[in-house]
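What follows is a single structure, written as C-alpha cells, with notes after it.
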Amino acid sequence: MIRLQLANDTHIKASFLKTAREVADYIDILEVGTPAVLAHGVALVREIREILPEHEILADMKIVDGGYLEAAMAFENGADIVTVLGFASFKTISEVRKAADQFGGELMLDTIEISDLQSFAEKVSPLSPDYICIHTSADLSGVGESMHLLEYAKKIEIVRRVLPDAKIAVAGGISPDNLSHVFPLKPDVVIAGRSIWEADNPARVASEIKKRLEKGS
C-alpha cells in the first residue's frame, strides 16, 4: 500500500502543530518541512515527536554540507528520516548515512535538480539509500501535471533498476485533483504538501488522499 507523507511546510508554529494534530489519523509520515526547520530549529522535530510518538517523523533538512553533524542533530531530536540533496558530495551523503546507521534512522535522497539520474543512482548505490525522492521544486510544476508523468516514470524506472532496495517517494504539487496521475508510477510514498496544509479543512483533504491511496485509484 502506498503511504502518505505530509510535507508540513508552514513556518508558523501554531499552524504547523494544529495541522499535524488534525491530520495525524491519515498520515503515515509527518514531515517537518524545511521552512519549519529554518524557523524553529530541530527543537520542533522533538516537539512533534512528543506529540505524535507513534508516527514516522521526517526532518526535511535538505543537507548539502556538514552531513554528519546536521543529520545527527535531527536524529537526536527524534527524526526517523532525514533528507540530503542528491547533488551533495559523495562524502556528505556518506556522512549522513553514517549518522543514520548510528542513530537507527533512515536517509532520503532528494533528486531535485538532478539531470543525470543514471549517474546519480550509480554514484550513491554503495551507500544503500533508504528512500529516493523523485521531486520537482515547489517553485515549478511537478508530478501534479499530467505532462510530467512520463518524465517521472522514466526516472523511477532508472532508480528501481539501479537501486532496487530503495523506496520511491514522489513529490510535486500532488492533490486530490491530480492524484490519478500518481498511481501509474506505483511509488512507495506519496508526498502532499500545500494541498493539505493550506486547505480550509486539512483533515478532509488528507483523509480523501489516504482513502484513495488505500483503494489504489
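Filter the range 28-44 for residues that are open to solvent by 10 Å² or more (accessible area, probe 1.4 Å) and in a loop (DSSP other than H, G, I, E, B) and give the result.
Asp28, Gly41, Val42
Looking at (1) part of a helix (DSSP H, G or I); (2) modelled with pLDDT of 95 or more, find the lone condition where Asp200 falls short.
So Asp200 meets the others, but not (1).
Does the range 97-111 contain any residue that is farther than 18 Å from Glu56 by Cα, among the hydrophobic types (A, V, I, L, M, F, W, C) and open to solvent by less than 30 Å² (accessible area, probe 1.4 Å)?
No, the range 97-111 contains no residue that is farther than 18 Å from Glu56 by Cα, among the hydrophobic types (A, V, I, L, M, F, W, C) and open to solvent by less than 30 Å² (accessible area, probe 1.4 Å).
Given (1) open to solvent by 40 Å² or more (accessible area, probe 1.4 Å); (2) modelled with pLDDT under 95; (3) in a helix (DSSP H, G or I), where does Glu157 come up short, assuming only one miss?
(2)
Out of the residues in the range 112-152 that are surrounded by fewer than 15 Cβ atoms within 10 Å (Cβ to Cβ) and under 18 Å from the mean Cα position of the chain (by Cα), which is modelled with the highest pLDDT?
Among those residues, the one meeting the criterion is Ser128.
Take the range 4-59 and flag every residue that is more than 15 Å from Arg194 (Cα to Cα), of a type in the set (Asp, Glu) and touching a strand residue (DSSP E or B) at 6+ places or on another chain (Cβ under 7 Å).
Within the range 4-59, Asp28, Glu56 meet the criteria.
Among the residues of the range 64-92, write down those that are part of a helix (DSSP H, G or I), open to solvent by less than 50 Å² (accessible area, probe 1.4 Å) and touching a strand residue (DSSP E or B) at 6+ places or on another chain (Cβ under 6 Å).
Within the range 64-92, Ala71, Ala74 meet the criteria.
Go through the range 178-206 and report how many residues are under 21 Å from Asp25 (Cα atoms) and surrounded by fewer than 16 Cβ atoms within 10 Å (Cβ to Cβ).
Residues in the range 178-206 being under 21 Å from Asp25 (Cα atoms) and surrounded by fewer than 16 Cβ atoms within 10 Å (Cβ to Cβ): 6 in total.
Which condition number does Met61 fail, the rest of (1) over 13 Å from the mean Cα position of the chain (by Cα); (2) among the aliphatic types (A, V, I, L, M); (3) surrounded by 16 or more Cβ atoms within 10 Å (Cβ to Cβ) being met?
Only one criterion is unmet by Met61, namely (1).
Against the definition (buried (at least 19 other Cβ atoms within 10 Å of the Cβ) and either closer than 30 Å to Gly216 by Cα or charged (D, E, K, R) (or both)), how does Asp9 come out, yes or no?
Considered against the rule, which asks whether it is buried (at least 19 other Cβ atoms within 10 Å of the Cβ) and either closer than 30 Å to Gly216 by Cα or charged (D, E, K, R) (or both), Asp9 comes out as yes.
Search the range 173-195 for residues that are over 20 Å from Phe16 (Cβ atoms) and pair each with any residue that is in a strand (DSSP E or B) and of a type in the set (S, T, N, Q) when their beta-carbon atoms are under 9 Å apart and the residues are at least 6 apart or on different chains.
Pairs that qualify, where the first residue is over 20 Å from Phe16 (Cβ atoms) and the partner is in a strand (DSSP E or B) and of a type in the set (S, T, N, Q), are Val189/Gln5; Val190/Gln5.
Tell me, please, whether a residue that is touching a helix residue (DSSP H, G or I) at 6+ places or on another chain (Cβ under 7 Å), open to solvent by 10 Å² or more (accessible area, probe 1.4 Å) and in a loop (DSSP other than H, G, I, E, B) can be found in the range 45-58.
Yes.
The values are calculated or read from the model by the stated rules, or taken from the named source; none is laboratory data. If you're wondering where the values come from, they're calculated on a predicted model, not measured in any experiment. Here Cβ is always computed from backbone atoms with ideal geometry, including for glycine, and neighbour counts include all displayed protein chains. Calculation scope for accessible area: heavy atoms of the full protein, side chains included, ligands and nucleic acids excluded. Shrake-Rupley method; radii C 1.70, N 1.55, O 1.52, S 1.80 Å.
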